[in-house]
1. For the condition surrounded by 21 or more Cβ atoms within 10 Å (Cβ to Cβ) and either under 13 Å from the mean Cα position of the chain (by Cα) or over 30 Å from ARG93 (Cβ atoms) (or both), what is the one hit in VAL155, VAL230, VAL162, VAL173?
2. Does any residue of the stretch 106-119 turn out to be of a type in the set (Val, Ile, Thr), closer than 23 Å to HIS234 by Cα and either in contact (Cβ under 8 Å) with a residue 24 or more places away in the chain or exposed (fewer than 13 other Cβ atoms within 10 Å of the Cβ) (or both)?
3. Starting from the stretch 6-35, keep only residues that are farther than 15 Å from GLN114 by Cα, then list their pairs with residues that are at pLDDT 95 or above and of a type in the set (S, T, N, Q) whose Cβ atoms are within a distance under 8 Å, requiring at least 6 positions of separation or different chains.
4. With the checklist (1) touching a strand residue (DSSP E or B) at 6+ places or on another chain (Cβ under 8 Å); (2) among the hydrophobic types (A, V, I, L, M, F, W, C); (3) more than 23 Å from THR237 (Cα to Cα) in hand, flag the one item LEU136 doesn't pass.
5. Filter the helices (runs of 4 or more DSSP H) completely within the stretch 113-204 down to those with at least 1 residues that are under 24 Å from LYS240 (Cα atoms) and among the β-branched types (Val, Ile, Thr).
6. Condition test on ARG286, is it outside any helix (DSSP H, G or I), farther than 17 Å from ALA148 by Cα, at pLDDT below 90 and under 14 Å from the mean Cα position of the chain (by Cα)?
7. Is it true that LEU105 is in a helix (DSSP H, G or I), at pLDDT 90 or above and under 21 Å from ALA81 (Cβ atoms)?
8. Which is surrounded by fewer than 20 Cβ atoms within 10 Å (Cβ to Cβ) and either polar (S, T, N, Q) or assigned to a helix (DSSP H, G or I) (or both), of GLY222, GLY239?
Amino acid sequence: MSIAPERSRLTLQKTDRALLKLASGQDAESVHTFRTTSRRVQTLLEQILSDRDRNQKKLLKILEQIRRRAGKVRDIDVQLAALRSLKVPQEPRRKTQLVHNLLGLRAKHEKKLQKLLTREVIREVRKRLKRTSRTLKTASSCDALKIAREMLAGVVRPAGPVTEELLHQYRIVVKRARYAAEFAPKSPEATQLITQLKRLQDAVGNWHDWLSLTQTASKQIGEVNQSSLVAALHNVTAGKFRYAVAALSASPSIQPRQSVNAATTTTAAPKAVSTTSEQSRRPGARTHTPAERADTAA
């Protein structure tokens, strides 16, 4: 099954509109929409197409810069949504203070995003999006569903229980694989795979949102033994982790390659996404997983 050219061009058009909306105001919806549409462009140009011209390479570079800034704002938005949904009586004053701190941090990142979105940058991105749409070439042999499945199969799962690090890898790969599958022509097979990946993406993404909030709260308030609110967040996050692992195990779209010895497994995924760059951009980094390193750009 090949790819649908009209969907490729529609994705570029949606990114153009999302960029204009983001430039006019950095509310939660506009930030999220830009990030998802620009990620789809990245998947199209990096995973679906084999060759990129200079214009497309430059486009990806600029989109990445904007998406990193927007990602910091988005991280705060999802943490705020999670925190506001938390219905626990523990330490209401600390919860209120944490909300205020997050709002202050969001304002800081929003200001940096606004500074980046100059007229010149907006004009250049729009020009390169339109040029990409005109010159877009897709190989007839390109199979979007096959590429999506290769991305999923490329995650090596060591023997033993699912770890946070592995779940981080799947969080990123499942999202990219879904975007790749969306470029396939409509069919029952494509619809089924996309539905499965969307369900799994929601489960794993929800866990990650709560994990980010828990890490932020731990930094600002203290660890479990210092705050009952942080302890409650840890409990919620643990439940979200178990649910995500169960969803991963039950998903028919996931058939991971299992290594004989996790310590010696170095096999790379065929045409798989690079998880290192996005994993290293999450907030509240901890040193015990590559997914939570110091670079926090989203």
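1. From the options VAL155, VAL230, VAL162, VAL173, the qualifying one is VAL173.
2. As a first pass, look at the stretch 106-119 and keep what is of a type in the set (Val, Ile, Thr): 118.
Narrowing the set further to residues that are closer than 23 Å to HIS234 by Cα leaves none.
The answer is no, given that none of the residues of the stretch 106-119 is of a type in the set (Val, Ile, Thr), closer than 23 Å to HIS234 by Cα and either in contact (Cβ under 8 Å) with a residue 24 or more places away in the chain or exposed (fewer than 13 other Cβ atoms within 10 Å of the Cβ) (or both).
3. Between residues of the stretch 6-35 that are farther than 15 Å from GLN114 by Cα and residues that are at pLDDT 95 or above and of a type in the set (S, T, N, Q), the close pairs are THR11/THR37; LYS14/THR37; THR15/THR37; THR15/SER38.
4. The number of the failed condition is (1).
5. Working: elements: 119-135, 144-153, 164-181.
Per the criteria, 164-181.
6. Details: outside any helix (DSSP H, G or I): yes; farther than 17 Å from ALA148 by Cα: yes; at pLDDT below 90: yes; under 14 Å from the mean Cα position of the chain (by Cα): no.
No, not satisfied.
7. Numbers: in a helix (DSSP H, G or I): yes; at pLDDT 90 or above: yes; under 21 Å from ALA81 (Cβ atoms): yes.
Yes, satisfied.
8. Values: GLY222 fails: either polar (S, T, N, Q) or assigned to a helix (DSSP H, G or I) (or both).
Just one listed residue meets the conditions, GLY239.
The values are calculated or read from the model by the stated rules, or taken from the named source; none is laboratory data. Since the structure is predicted, the reported quantities are computational estimates derived from the model, not experimental observations. We place every Cβ from the backbone using ideal geometry, glycine too, and count neighbours over all the protein chains shown.
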